[in-house]
Structure formats: C-alpha cells, structure tokens
Amino acid sequence: MTQNSAPTNIIRPDELMSELGIKKDAYYKDLSHLDIKPEKDSEGKAYLTIEQATEIRALRNHVKITGSRKNYQSSSIVKVDDSNELVSNNTEAEDDIYVNAEEPTAKIESNIVREAQELAARGMAMNDLIKIQLASQMNFDDLSPDLQEKVNIAREVANPKFQPAEIAQQLLAQHRSQRAQVEA
C-alpha cells in the first residue's frame, strides 16, 4: 500500500452501503440529497469522512421512519468543510449557540427549573412505579418464606378455622338461656 494513500478515520462507500443495507442507487441519491462529494485517496479510491458517514446514517434513519428523504433536516450542528475548517451546518442555530458573557442566563428558558424538578420527580417516582408493577404481577410463590408466613397469618386472622360443633353448642346454650329468662 502506498504511504499516505488514504487519511485515517475514513469510511469506504462499500463499507457504509453494507452497514446500512442499501444499494449504490440509494447511496448516490443520499449523497446528492445531502450535497456530499466523496473525497479520493492517492490511489483514486473514494472515501467519506466520519462526519459525512454520520450524516448519511442520520438520513437513512429518517428514511426508515418516514419512508422518504423529504423534510430531512441535518442533525449536525458543526461540520468540516473542504478546507478542514469548522463551519456551522445550521444557520438558524448560529445565534443560539453562544450565551452572552454579560448575562449568562439571558437565553435560558424561564421554566427550566420547573422542567428540571419534573424530571427529578419522575426519576424519584420511577422506582416506586416499577415496584407497583412488579407487585401487581407477583403471586404467592414469588414471595420469600418470611413474607409467605406473614400472608398465611393474615389469611388465618381474616378467615379463622371454626369448629362447627363448638359453634352449635354455644348457639344452643345462648338460645336456652334466653328462653329460660323469658319463661321466668
């Protein structure tokens, strides 16, 4: 291989097409849609930079979800242009990237603290919600022996084992006692 024939951190088109499971036709349409022009190494072999490959992956994901390249918005905030200098890829976001040094909280949403509180509350409640779901799906056999014993005790208290003969004797004795009092 020729020294310095290809830069490092590159992706060959065949590798990317294989990874994404697409054919050349879709690959070239993606390149055209994104206005990407692959570079060539000293041997004349095409390659993409990591950023370009990432952009194609994002477009492919959009196509999987929506079924078309329509309305695809570039997801990267910064990219490298042909001169290898960083340039913004999203002109709308350029004004919002930096915060004024004089007023560091000027561009922060006023309800950010509330949103953070809601996020924290959700995180705190998540364990309890999971516990509730776990508990609703468990049965007696899922319990540890000590908890099974507690359940058995609670069941016995709620449903005591009565002796029908003893109950009958007590009721008959009460009945006779009341009848004797009425006759007397």
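The values are calculated or read from the model by the stated rules, or taken from the named source; none is laboratory data. Everything quoted here is computed from the prediction, not taken from an experiment. When we count neighbours, we look across all protein chains shown, and the Cβ atoms used for this are built from the backbone with ideal geometry, even at glycine.
Based on this model, can you work out whether Leu134 counts as surrounded by 10 or more Cβ atoms within 10 Å (Cβ to Cβ), within 25 Å of the chain's Cα centre (by Cα), at pLDDT 90 or above and part of a helix (DSSP H, G or I)?
yes
Could you please let me know if Asp41 is touching a residue at least 24 places away in the same chain (Cβ under 8 Å) and in contact with a Ser or Thr (Cβ under 9 Å, 6 or more places away or on another chain)?
Details: touching a residue at least 24 places away in the same chain (Cβ under 8 Å): yes; in contact with a Ser or Thr (Cβ under 9 Å, 6 or more places away or on another chain): yes.
When the stated conditions are applied, Asp41 passes them.
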